[in-house]
Amino acid sequence: MRAGRVDSHGDHRIAMTAAVAAACVEGTTVIDGWDSVATSYPGFAADLVRLTGASTQPGA
């Protein structure tokens, strides 16, 4: 796997899966449609950072 750009097409499941995968690779991954995550798990980004140490910038 490698960093890149993901279009979640507004699906929070795709956005969250891409974020978990991005935490496993070096480089920057941009997730288009990140705002969809707030519909099901508003604290997801904070929890991902806490659990993995990943650097996140939702909406970037």
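The values are calculated or read from the model by the stated rules, or taken from the named source; none is laboratory data. Note that this is a predicted model, so its numbers are computed, not measured. Here Cβ is always computed from backbone atoms with ideal geometry, including for glycine, and neighbour counts include all displayed protein chains. Ligands, DNA and RNA are stripped out before the accessible areas are found, and what is left, the full protein with its side chains, is counted by its heavy atoms. Shrake-Rupley method; radii C 1.70, N 1.55, O 1.52, S 1.80 Å.
Every listed requirement among (1) assigned to a loop (DSSP other than H, G, I, E, B); (2) modelled with pLDDT of 90 or more; (3) surrounded by 12 or more Cβ atoms within 10 Å (Cβ to Cβ) is met by ARG2 save one, (3).
Of all residues in the stretch 31-51, those being within 20 Å of ARG5 (Cα to Cα) and hydroxyl-bearing (Ser, Thr, Tyr) number 1. Checked against (1) in a helix (DSSP H, G or I); (2) in contact with a helix residue (DSSP H, G or I) (Cβ under 6 Å, 6 or more places away or on another chain), ILE14 meets all criteria but (2).
The number of residues in the stretch 15-31 that are surrounded by fewer than 18 Cβ atoms within 10 Å (Cβ to Cβ) and under 9 Å from the mean Cα position of the chain (by Cα) comes to 5.
In the stretch 36-60, the qualifying residues are those that are modelled with pLDDT under 90 and part of a loop (DSSP other than H, G, I, E, B), and the one that is most open to solvent (accessible area, probe 1.4 Å) is GLN57.
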